[in-house]
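Every number here is computed from the coordinates shown, using simple stated rules; none is lab data. All of these numbers come straight from a predicted model, not from anything done at the bench. Note that we place each Cβ from the backbone using ideal geometry, even for glycine, and neighbour counts take in every protein chain shown.
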Amino acid sequence: WVREGQRALWSFPEMVEFLSRFQPIHAGEVWGSGTIPGGCELERGDRARYLKPGDRVEIEIEGIGVLANLIAPAA
């Protein structure tokens, strides 16, 4: 675990440099590195908030658009 306020073990440039040793990197690829410190509700313990029916989750990539999902009730 990385505690909130601490930096990740490797920076994005370090990760790209390491990965490029083993495979080509192409323009337009999307890479993920996992959750940043403080970015996971599980780290909040008893203060954690969880998604519930009616919540809307959005992610936006500039120049591409927005992906939005509405949390539905359990079937």
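Apply the Karplus curve 6.51 cos²θ - 1.76 cosθ + 1.60, θ = phi - 60°, to the phi angles in region 43-58 and return the couplings in whole Hz, x for Gly and Pro.
5, 7, x, 5, 8, 4, 10, 10, 5, 9, x, x, 5, 10, 10, 10
About the Cα centre of the chain, how large is the charge dipole given +1 on each Lys and Arg Cβ and -1 on each Asp and Glu Cβ? Please answer in debye to the nearest 20.
260 debye
Residue by residue, what Karplus-based ³J(HN,Hα) values in Hz, rounded to whole numbers, does region 17-25 have, using 6.51, -1.76 and 1.60 with θ = phi - 60° and x for Gly and Pro?
4, 5, 5, 5, 5, 10, 7, x, 10
I'd like the Karplus ³J(HN,Hα) series for region 63-75: coefficients 6.51, -1.76, 1.60, θ = phi - 60°, whole numbers in Hz, and an x wherever there's a Gly or Pro.
x, 10, x, 10, 10, 10, 9, 9, 6, 8, x, 4, 6
If you stretched the chain out fully between residue 14 and residue 43, how much longer would it get, using 0.36 nm times the residue separation minus the C-alpha to C-alpha distance?
The span from residue 14 to residue 43 would gain 7.9 nm if fully extended.
Considering the dipole of the chain built from charges on the beta carbon (Lys and Arg +1, Asp and Glu -1) around the Cα centre, which of 23, 45, 11 is farthest to its positive end?
45
If you stretched the chain out fully between residue 22 and residue 59, how much longer would it get, using 0.36 nm times the residue separation minus the C-alpha to C-alpha distance?
Once the chain is fully extended between residue 22 and residue 59, it gains 10.4 nm.
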